[in-house]
Amino acid sequence: MERVAIVARLKEGTGPRAAELIAAGPPFDLAETGIVHHSVYLSAGEVVFVFEGHQVEWMVDDLINDPFRPKLQSAFDAWRSIVDGPPRIARERFGWEAREAVPAATEAMAAVEGRY
């Protein structure tokens, strides 16, 4: 499973508009793309779109370059009005996942009670 991120700098003062666009959700059906996980991060000056899946970079590339998705092209137009410069691609260079997720609070409580 691979991850790729698209990072875009926002024009000053456009954070609220970016939040609105994100709240509207993706302009395509994620289930139809083969993308396994998608999240969007918003800071005061940037937006980061993270995609995960098998050969995900190709899937994202296909979405971006598909002229027959008018809803997606319209969304790109909305983002272009608030993005400062071209977006950049960031490829994952390190990642970590727990094999079995144990909430830290549960583990700490069990240790205190002598169960670990």
task = Output the number of residues of the stretch 16-34 satisfying the condition of being touching a Leu at 6+ places or on another chain (Cβ under 9 Å) and more than 16 Å from ALA78 (Cα to Cα).
result = 1
inquiry  = It is to be established whether one or more residues within the stretch 76-90 are modelled with pLDDT under 95 and not in a helix (DSSP H, G or I).
reply    = no
ask   = For the stretch 1-16, what are the residues that are more than 20 Å from HIS38 (Cβ to Cβ), acidic (Asp, Glu) and within 16 Å of the chain's Cα centre (by Cα)?
value = none
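Matching residues to (1) under 15 Å from the mean Cα position of the chain (by Cα); (2) over 23 Å from ALA8 (Cβ atoms); (3) modelled with pLDDT of 95 or more:
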position: ALA23; (1), (2), (3): yes, no, yes
position: THR33; (1), (2), (3): yes, no, no
position: SER39; (1), (2), (3): yes, no, yes
position: ASN65; (1), (2), (3): no, no, no
position: LYS71; (1), (2), (3): no, no, no
position: VAL102; (1), (2), (3): no, yes, no
position: GLU107; (1), (2), (3): no, yes, no
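The values are calculated or read from the model by the stated rules, or taken from the named source; none is laboratory data. This one's a predicted model, so the numbers in the text were calculated from it and none came from an experiment. Quick reminder, even Gly has a Cβ in these numbers, built from the backbone with ideal geometry, and neighbours come from all protein chains shown.
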